[in-house]
Amino acid sequence: MRYLTVALTKGRLADKTMQIFEKAGITCEGIDDKNTRKLIFVNEELKMRFFLAKGPDVPTYVEYGAADIGITGKDTIMEEGRNIYEVLDLDIGKCRMCVCGPDSAKDLLSHYEQIRVATKYPKIAKDYFYNKKRQTVEIIKLNGSIELSPIVGLSEVIVDIVETGSTLKENGLKVLEEICPLSARMVVNQVSMRMENERITRIIKSLEKAVREND
Ligand code: PRP
C-alpha cells in the first residue's frame, strides 16, 4: 500500500482541521507541536503522511500529485483555479468574501464608475466586477492588511475576507457587497481519485461524518 499524502494549510485552519481528522479516526502525531521545524509527519499504521503548507500552495501540491489530498479555504481554491476536485465542505474557517470600503463608496458601486479595487484576490475580484457586475475597475494586488488601502487613498474599495468584522469596524469600513460565503474544503488530485478511489472515498465518508458530528 502506498502512502497517501495530505497537504494542510498552516495557521488558524490547521488545528481545526486536525480536530476533524482525529474525530474521523485519522491521527497524526507531532503535527500540532508548535516547537518543531519538522515539515512532514507520518502515520505508519494508516500509511498516510501529512505536511503543512501556505494556503495558496495547497492546490498546487494537489494538482501536481505531490499531495493526493489537500485542505484549504474556498477563497484559495477559487483564486488559484487549479485542476483539482473539490469533494467536501469541512464547515470550519467560515467567513465571507466581500467588497468593503467607507460608507461613502457605496454609490461608486452602482454608478458604473471606474474605481480602484485593492485585494489579495485579483482573480476573484476580476470575476466579480467584470463578469457579475459588468463594472470596469482597476484591480490593485496587495499582500496583506488590505483594509489600509481605502484609508490611505490607494483605492476606493477592497475585496477581502470578513470573518468577525472587527478589522473593518476598527478602521471605519463596512461591508458594501457580499461576493460569496467561504469555508475550508477538501480537495483531491484527479488521478489519485481514480487510482486510490476506495481509500479516498473512505476518508471522505469518515470526514463527512465527523463534520456532521461537529455541528
Ligand atoms: C484577514 C482578512 C481581514 C481579517 C478579517 O486578514 O484579510 O483583514 O482577517 O477578519 P475579521 O473580520 O475577523 O476582522 P489576516 O489576519 O489573515 O491577515 P492579512 O491582513 O495580512 O491578510
request  = Show the residue pairs that are 6+ apart or on different chains and have beta-carbon atoms under 6 Å apart, the first residue being within the range 131-151 and among the acidic types (D, E), the second being away from the ligand (no atom under 13 Å from the Cβ).
outcome  = E138/R116
ask   = Looking at (1) in contact (Cβ under 8 Å) with a residue 24 or more places away in the chain; (2) open to solvent by 70 Å² or more (accessible area, probe 1.4 Å); (3) within 16 Å of the ligand (Cβ to nearest atom); (4) more than 18 Å from G73 (Cβ to Cβ), can you tell me which one R116 breaks?
value = (3)
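For the range 28-69, how many residues are assigned to a loop (DSSP other than H, G, I, E, B) and modelled with pLDDT of 95 or more? Don't jump to the end; show me each part of the working.
We begin by selecting, within the range 28-69, every residue assigned to a loop (DSSP other than H, G, I, E, B); these are 28-39, 44-47, 54, 64-68.
Checking which are modelled with pLDDT of 95 or more leaves us with 44-47, 54, 64-68.
The number of residues fulfilling the criteria is 10.
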ask   = Can you find even one residue in the range 120-137 that is of a type in the set (D, E) and surrounded by 18 or more Cβ atoms within 10 Å (Cβ to Cβ)?
value = no
message = Among the residues of the range 82-113, what is the count of those that are open to solvent by 20 Å² or more (accessible area, probe 1.4 Å) and either farther than 28 Å from K209 by Cα or β-branched (V, I, T) (or both)?
response = 12
query = Is it the case that some residue within the range 95-104 is assigned to a helix (DSSP H, G or I), touching a strand residue (DSSP E or B) at 6+ places or on another chain (Cβ under 8 Å) and within 16 Å of the ligand (Cβ to nearest atom)?
reply = no
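The values are calculated or read from the model by the stated rules, or taken from the named source; none is laboratory data. On a predicted model such as this, the values are computed, not experimentally measured, just so you know. Reconstructed Cβ throughout: ideal geometry from the backbone, glycine too, with neighbour counts over all protein chains shown. Only protein heavy atoms, including side chains, enter the accessible area calculation; ligands, DNA and RNA are left aside. Shrake-Rupley method; radii C 1.70, N 1.55, O 1.52, S 1.80 Å.
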